[in-house]
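Presented below is the structure to which this report refers.
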Amino acid sequence: MAVLSLGLSITGCGASADDKTGGSADSGPVTGLRIMVPNSPGSGYDTTARTASKAMEDANLARSIEVFNLAGAGGTVGLQRLVNEKGNGDMIMQMGLGVVGAVYTNKSKATLQETTPIAKLIEESEAIVVPKNSPYKTLQDLLTAWKADPHKVPVGGASNKGGPDHLTPMLLAKAVGVAPKDVNYVSYDGGGELLAGILGNKIAFGATGIGEVAEQAKAGEVRILAVTTAARVAGVDAPTLKEQGVDLVFTNWRGLVAPPGISDEKKKQLVDLVTKMHDSKQWKDALAAKGWTDAFVAGDAFATFLKSENDRVAGVLGELGLA
């Protein structure tokens, strides 16, 4: 538990790689691709999907990608939509650890095992963050108050139960001697609402992806008390939990899946497209700008990883009494 890297309708017609409107990663830019984001604008998934879309287009790998949001139930509303799009090779969904957990905590009928895994893209540290005028100047200040009365020290995150922003304070609580059931967790619908909650002092601290608060920290609007990765995050002036005596490492991850039942040809086209994007200068520049860690795994290897994450998350949620 101390080290945990874990770094949801309109049916479209899939076009084959030979279709003039479909394109292919080898014959020319892919067209007609839609990327579903299963939560709100401004969220980590939304940022990742739009960054990937821009990188594909700027590298001339795809044209006119449509990114759209379908929020609800921790991503499982979007997951159900994706599963209903069986055979549609022109749609992919941005997802990650949060959707894996939400399948269990929301008792989703649709599962990730039904989807076609395309690729894992990134890993990202979570951040323990407070408003600039917070009385908690250090992590130890915060933990002292939290352990004294968890209910009076609410923590917010942009995840429903089972997502990374929810698992982070639960695992942190377990590591420092706070009962997870006593944690006063406030769920926000996306990173934008969470940031407003932090800046408005609606919560004592937030747990969220580093990319969603790094710029605000540089601007002096918030203070990052700790990052959850094993090593410090480049460009972020904050120590790790480990450096501050907390035996916990936690990494979030994000990737892409397609509907079930797509053709082998379409699966290869999508895997090739995302692989070429990963190798592009545009994507490498985006990784550096966002503070994301490259964690690219594609195709069958990602399918194997996804299965192991499903099993791992189920175990963690069970141990914490959350599933």
Query raised in the report: Going by the alpha-carbon gyration tensor, a ≥ b ≥ c the square roots of its eigenvalues, is the stretch 221-302 rounded (a/c under 1.5) or, if a/c is not under 1.5, prolate (a/b greater than b/c) versus oblate?
Result: prolate
Query - Local net charge near V37, Cβ-Cβ under 10 Å (Lys/Arg +1, Asp/Glu -1) - result: 0
Requested in this report: At 1.4 Å probe size, with no ligands or nucleic acids counted, give the accessible surface of R223 in Å², nearest ten.
Outcome: 60 Å²
Query raised in the report: Once phi is turned into θ = phi - 60°, what whole-Hz ³J(HN,Hα) does the Karplus curve with 6.51, -1.76 and 1.60 give for every residue of the stretch 311-323, x standing for Gly and Pro?
Result: 5, 5, 5, 4, x, 5, 5, x, 5, 7, x, 10, 9
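Rank-order 152-164, 209-221 by packing density, defined as the average count of other C-beta atoms within 10 Å over each peptide's residues, highest first.
Averaged packing, sorted descending, gives the order 152-164, 209-221.
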Query raised in the report: Which far-off residues, 5 or more places away or on another chain, put their amide H under 5 Å from the one on G209, with H placed in the peptide plane?
Result: A127
Query raised in the report: With charges only on Cβ, +1 for K and R and -1 for D and E, what is the dipole size of the chain about its Cα centre, in debye, rounded to 20?
Result: 480 debye
Query raised in the report: Which cross-chain or sequence-distant (5 or more) residues have an amide H under 5 Å from the amide H of V186, H modelled 1.01 Å from N in plane?
Result: V155, G156, G157
Query - Estimated vicinal HN-Hα couplings, Hz - the stretch 155-161 in sequence order (Karplus 6.51, -1.76, 1.60; Gly, Pro = x) - result: 10, x, x, 9, 10, 6, 4
Query raised in the report: Among 289-295, 271-277, what's the highest-first ranking by average C-beta atoms within 10 angstrom per residue?
Result: 271-277, 289-295
Query raised in the report: From Cα coordinates alone, what are the radius of gyration and Dmax values for the chain in angstrom?
Result: 19.4, 65
Query raised in the report: So how many Lys-Lys pairs in the stretch 142-263 land under 23 Å Cα to Cα, not counting same-chain pairs under 8 apart?
Result: 16
Requested in this report: Please name whichever of V316, G96, F205 sits farthest to the positive end of the charge dipole of the chain, dipole taken about the Cα centre and charges placed at Cβ: Lys and Arg +1, Asp and Glu -1.
Outcome: F205
Query raised in the report: For Y104, what accessible area in Å² do you get when you roll a 1.4 Å probe over the heavy atoms of the protein chains, rounding to the nearest 10?
Result: 80 Å²
Report task. Give the accessible area for D285 in Å² (nearest 10); use a 1.4 Å probe, count only protein heavy atoms, and leave out ligands, DNA and RNA. Result -> 80 Å²
Query raised in the report: From largest to smallest, what semi-axes in whole angstrom does the stretch 12-164 give when each is the square root of 5 times an eigenvalue of its alpha carbon gyration tensor?
Result: 38, 19, 11
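The values are calculated or read from the model by the stated rules, or taken from the named source; none is laboratory data. Just so you know, these numbers come straight off a predicted model, no measurement behind them. Every residue, glycine among them, receives a Cβ derived from its backbone with ideal geometry; neighbour counts consider all protein chains shown. SASA here: full protein model, heavy atoms, side chains in, ligands and nucleic acids out. Shrake-Rupley method; radii C 1.70, N 1.55, O 1.52, S 1.80 Å.
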